[in-house]
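Input: a single structure, listed below in structure tokens.
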Amino acid sequence: MTPTPAGRLFRTDKGSDLVLTRTFRALADDVWASLTEPERTARWFGPWEGEAGPGRTVKVQMVFEEQGPWMEVRIDACDPPRRLALSMVDEAGTWRMELLLSEVDGETELRLVHHLSTEEGIGEVGPGWEYYLDMLVASRSGAALPAFDDYYPSQKAYFEALTTGE
């Protein structure tokens with residue numbers, strides 16, 4: 001499998017936003033459940049535990065990462081089934097993102113917006129989000145889960161080129 005990267009980079013007055021989208025033939029409530037219910041997130045990203053809610057922190061296990069680490073994720077905003085804003089801190093820095101859903105005629109578009117503090121490392125970050133979003137698609141359709149090796153390093157140059165406008 002050779003997935004085609006589709007991420008886009010937008011410069012804002014606060015920095016840069018890496019935006020990736022996927023469309024589902026499903027209602028927003030159903031897609032929202034895939035993003036927020038622990039047994040469903042476990043299928044494509046990892047399970048989470050804790051008391052979820054705006055201003056609260058939950059623990060998420062990154063089961064598809066090497067050694068399956070747990071990390072703390074703060075829920076900055078939650079407006080079901082339209083917007084989930086999250087932040088987390090790791091050795092790479094602070095990650096701020098939003099998952100935005102919009103539904104039209106039974107189809108739901110998911111936009112993952114990663115608010116970048118720097119464009120450095122986008123060649124690693126972009127392929128990772130493409131992979132995880134395709135994991136979400138596969139988990140919802142029952143298809144075989146993709147392999148990360150199909151995304152990285154083959155998509156690295158695509159995402160790095162976004163920073164130069166090439």
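For the reader, a short list of remarks on this structure follows.
- Radius 11 Å from Cβ of Pro81, net charge of other residues (Lys, Arg +1; Asp, Glu -1): -2
- P(r) weight above 22 Å for the range 8-164, C-alpha pairs, percent: 41
- Part-to-part distance (alpha-carbon centres) for the range 1-56 and the range 66-83, which is given in Å: 9
- Distance between the modelled labels on Glu49 and Ser102, one decimal in nanometres: 3.8 nm (7 Å Cα→Cβ projection).
- Packing rank of 52-61, 18-27, 85-94, where each peptide gets the mean count of other beta carbons within 10 Å, highest leading: 18-27, 52-61, 85-94
- For Thr57 and Tyr152, the difference between the fully extended length at 0.36 nm per residue and the C-alpha to C-alpha distance is 31.2 nm.
- Radius 14 Å from Cβ of Gln155, net charge of other residues (Lys, Arg +1; Asp, Glu -1): -4
- Lys, Arg +1 and Asp, Glu -1 on Cβ, resulting dipole of the range 8-164 about Cα centre, debye, nearest 20: 260
- Highest mean packing first, where packing is the average number of other Cβ atoms within 10 Å per residue, the peptides 110-122, 63-75 line up as 110-122, 63-75.
- Put a dot 7 Å past the Cα of Arg74, heading toward its Cβ, do the same for Thr2, and the two dots end up 4.3 nm apart.
All of the numbers you see were taken from the coordinates with simple rules; none came from a lab. All of these numbers come straight from a predicted model, not from anything done at the bench. Here the Cβ is made from the backbone with ideal geometry for all residues, glycine too, and neighbour counts use every protein chain on show.
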